[in-house]
1. Taking the stretch B:67-85 as the region of interest, how many residues are surrounded by 15 or more Cβ atoms within 10 Å (Cβ to Cβ) and under 30 Å from A:ARG29 (Cα atoms)?
2. Checking the conditions here, which among B:ALA192, B:ALA154, B:ALA213, B:ALA180 is assigned by TED's automatic domain parsing to the domain that holds B:VAL326, within 22 Å of A:GLN61 (Cα to Cα), in contact with a helix residue (DSSP H, G or I) (Cβ under 8 Å, 6 or more places away or on another chain) and crowded, with 21+ Cβ neighbours inside 10 Å?
3. Checking the structure you have, find out if any residue of the stretch A:53-61 is more than 23 Å from A:GLY132 (Cα to Cα) and touching a helix residue (DSSP H, G or I) at 6+ places or on another chain (Cβ under 6 Å).
4. A:SER135 - would you say it is hydroxyl-bearing (Ser, Thr, Tyr), assigned to a helix (DSSP H, G or I), surrounded by fewer than 12 Cβ atoms within 10 Å (Cβ to Cβ) and out of contact with any strand residue (DSSP E or B) (no Cβ under 7 Å at 6 or more places or on another chain)?
5. Of the conditions (1) buried (at least 16 other Cβ atoms within 10 Å of the Cβ); (2) in a helix (DSSP H, G or I), B:ILE93 clears all except one; give me its number.
6. Within the stretch B:139-168, how many residues turn out to be over 20 Å from B:ALA97 (Cα atoms) and more than 8 Å from chain A (Cβ to nearest Cβ)?
7. Scan the stretch B:84-102 for residues that are away from chain A (no Cβ under 13 Å) and of a type in the set (Lys, Arg) and report the count.
8. Across the stretch A:1-30, what is the number of residues that are within 11 Å of chain B (Cβ to nearest Cβ) and either in contact with a helix residue (DSSP H, G or I) (Cβ under 8 Å, 6 or more places away or on another chain) or without any contact (Cβ under 8 Å) to a residue 40 or more places away in the chain (or both)?
Amino acid sequence: MTVGGAESALFWIAGPLAVAGALALLFARKAVHAAVGMATAMIVLGIFYIAQQAEFLGVIQIFVYSGAVMMLFLFVIMLIGVDSSDSLVETIRGQRWAGLLLAAGLAAITIAGIGKAAFGTPRGLAEANKDGNVSGAARLIFGDYVWAFEATSALLITAALGAMLLAHRERLTPKATQADWSRERIRSGENVAGLPAPGVYARHNAVDTPALLPDGSPAELSISRVLRARGQVGTTGALTQVTQEIEHEVGDESDEQATTRKDDDA
Amino acid sequence: MSTLAALAATTDNPVADFGDTPWWLSLVKALLVFVFLLINTLLVIWFERRVIGRMQQRPGPNRAGPFGLLQTLADGVKLALKEDIVPKAADKIMFWAAPAIAGAMAFVSFAIIPMGGTVWMFGHKTPLQLTDTPIATLLVLAVAGVGVYGIVLAGWSSGSTYPLLGGLRSSAQVISYEIAMGLALVAVFLYAGSMSTSQIVFAQNDLWYIVPAFFSFVVYVITMVGETNRLPFDLAEGEGELTGGFHTEYSSLKFAMFFLGEYVNMFTVSALATTLFLGGPAAPPGIAAIGDGMLNGGWWGLLWFVVKLWLFMFFFVWLRGSLPRVRYDQFMRLGWKVLIPTTLVWVVMVAFIRAAELGFLGDSKVSLLGRDFPRATLFIIACIALAVLVAAWFYDNHQVKRRAELEEARAMDEEIDPFAGGHPVPPLPGQRLVEPPLALSAARPAPVTDSGSEENRG
């Protein structure tokens, strides 16, 4: 069997790329790098399918596996922030040995199965793609293997429903809408216009710096309670001092400030 | 089974014949497509700013070159000369790779777009299309799926909160709208019996698919705006909420790659809409009849294709000039709860119509307006119309009942006089405003009696 020049060029460029992606999946430190490596390997596999004239399979491989499935993986990794150190903790005792044993068993069964497989004489691409590649695949899926295909899809849908059922929580009260919150604020008469926004100063603004009330004291309500719980609230003292110094330089300070400064100087 | 096999064999593969296209000619065509897209991007940015300027009653950029045409070029040079900043917390490899992915993937899809008829080029007879495969249209969706990696990785690798949120939003948006888009395309595949772009264009000889697949066209146009992150669906870079979204931390040429990618993506989705619904490079119905189709096909196709493409670009600009940004949850609700279910129902309806047309549901025909329609097609269309009517009737009844309930609830509210305290006070929850009848007559412009007071106002 001979391979054309263009196809072998493609193989020698894309093949190492796929291997590099697969190795990145195994050895990358960051979980996102591993996920991207896996996506690369899948995309290159799809390109190989296309090169071997299984166009439909190749494009669906890229579309479904790297476009949708890997993207969901990436979503979860980014949102939860999985670290490589997490995976080394053994939560169930003896889990690693049991896992290795099961993997070896699976490998043995698979190798035995594949080793026994007998190949008929190849019919050739011309006959396989006689009615066009898509129609050929459609005939296999919805003709010869329709039961296997439908059973698999039923299994997948059941799994998805099961996952949804496990993650679902029944809401006991109706969810408060924006309008409900606004009505509630007006009824209680507190913070009718919403909570105050965090500090915006002449030369500085940040969510961790509280706004100043008219009397100069910091408004505690303007800081997110998460930041307060973490103890990440900035102080206003330094900022007001800088502002006052600038005001002093340009001669734009209030009388009260001027007198206190004179007292300090004296 | 035998009819199905015969049908498939004739329409599965592309019509376009690449037999007389040597590899160097493909390379030339690839280069031409690339240059075409770059020049169009330069033009469309200028076009967008000028048209939006007109819509907002100001001239828009008009200094650099004739009509300000060179403004984009000047901006591009300025962008390239800016400092390239990489944040300290950024993941260097991914921060570099993300704009490359986003920029490169934008160009790939255009390879399968038929931009004209068959022409003579350097002594070879070749279609004005880089390539075509039996799954060409799916390739666009697959490439868009890979292009999302550019956005997601840009958001993650910046090492900052707003880009991460923008990236996640953007990818969720593109993935969910890709589903509705794919479903909308299914109707076209059913009519054409193929996913090859040249075959779909060929099948529209008789009638552009915007007519039989009108609902798919509407859904596709909505989803293509969502897919390209353009206003009113540009939630990934909502300035008021996320500063710049996924590209907040990018500058210089890396930012330019995202910018370029966005505009090329607009061209790609518009070109796909042109190909699937507006007959691609075919001349418009009136012009196609002139001189036995002398203005149809060959290099003329490129003209019609570009005209249709730019109509869509104008539509994009028009949307941006007239619509505000939607809220994110409303946008997702539209995608998942409205577009996907309705398109699913639509695809099933089209499948029945198509089956009737192909004679799977009986062969008897009825002559109507000089054309033969299968009896089954008419029966199915009548059934669909009836179902739509019944649904509309139920919906209307429901609305009337709800409005009556609301009225009743309002009647329960306590009436207050807003001027009771001497100055107007808005009603609290549970209270109802009684508009004093005098307020309406007072709002009307009073006949001018004293000219002196008018002058004071001015």
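The values are calculated or read from the model by the stated rules, or taken from the named source; none is laboratory data. Model, not experiment: these values are computed from the prediction. With ideal geometry, Cβ positions are generated from the backbone for all residues, glycine too; neighbour counts draw on all protein chains shown.
1. Matching residues across the stretch B:67-85 total 0.
2. Unique residue meeting the criteria: B:ALA180.
3. Scanning the stretch A:53-61 turns up no residue that is more than 23 Å from A:GLY132 (Cα to Cα) and touching a helix residue (DSSP H, G or I) at 6+ places or on another chain (Cβ under 6 Å).
4. no
5. (1)
6. The qualifying residues number 1.
7. Residues meeting the conditions: 1.
8. 4
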